[in-house]
1. State the number of residues belonging to the stretch 46-91 that are outside any loop (DSSP other than H, G, I, E, B) and surrounded by fewer than 14 Cβ atoms within 10 Å (Cβ to Cβ).
2. Which residue, of G45, G68, is modelled with pLDDT of 95 or more, small (G, A, S) and in contact with a strand residue (DSSP E or B) (Cβ under 8 Å, 6 or more places away or on another chain)?
3. Among the residues of the stretch 1-24, write down those that are surrounded by 10 or more Cβ atoms within 10 Å (Cβ to Cβ), outside any loop (DSSP other than H, G, I, E, B) and of a type outside the set (A, V, I, L, M).
Amino acid sequence: MLDKNSFIPDTTYDTHFPWTDVIACFNKGLPSKNFKGHDKCPKCGRNSEELVWIELNSPKWTWEKLCGRQGPLSICPTCRIQVEFITEIMN
């Protein structure tokens, strides 16, 4: 699991979501073994089951504006980038 107090993201790399929203969901970890065969880290090639997976739920205002998203998001702990987002719920 990633520590939201000490994690420093690579902000130069494209993201699916703002890092503040992602870091707010660090306490919602998911078992990485459940995501075998998904996208590898594009920078270092780390396999999907070696990435950190969290359940991302976009902020309340995004749901109010009908642009909310929820689903698993992978983060490479080495490269500190967002790798893959799987949309499960959107409005």
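The values are calculated or read from the model by the stated rules, or taken from the named source; none is laboratory data. Quick caveat, the model's predicted, so the values are computed rather than measured. When we count neighbours, we look across all protein chains shown, and the Cβ atoms used for this are built from the backbone with ideal geometry, even at glycine.
1. Narrowing the stretch 46-91 to residues outside any loop (DSSP other than H, G, I, E, B): 48-50, 52-57, 60-64, 69-76, 81-85, 89-90.
Filter again for surrounded by fewer than 14 Cβ atoms within 10 Å (Cβ to Cβ), leaving 60-61, 64, 89-90.
Summing the residues that are outside any loop (DSSP other than H, G, I, E, B) and surrounded by fewer than 14 Cβ atoms within 10 Å (Cβ to Cβ) in the stretch 46-91 gives 5.
2. On the way: G45 fails: in contact with a strand residue (DSSP E or B) (Cβ under 8 Å, 6 or more places away or on another chain).
On inspection, the qualifying residue turns out to be G68.
3. Within the stretch 1-24, W19, D21 qualify.
A quick yes/no check of all residues on (1) at pLDDT 95 or above; (2) within 15 Å of Q82 (Cα to Cα):
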position: L2; (1), (2): no, yes
position: D10; (1), (2): yes, yes
position: F17; (1), (2): yes, yes
position: C25; (1), (2): yes, yes
position: K28; (1), (2): yes, no
position: S32; (1), (2): yes, yes
position: H38; (1), (2): yes, yes
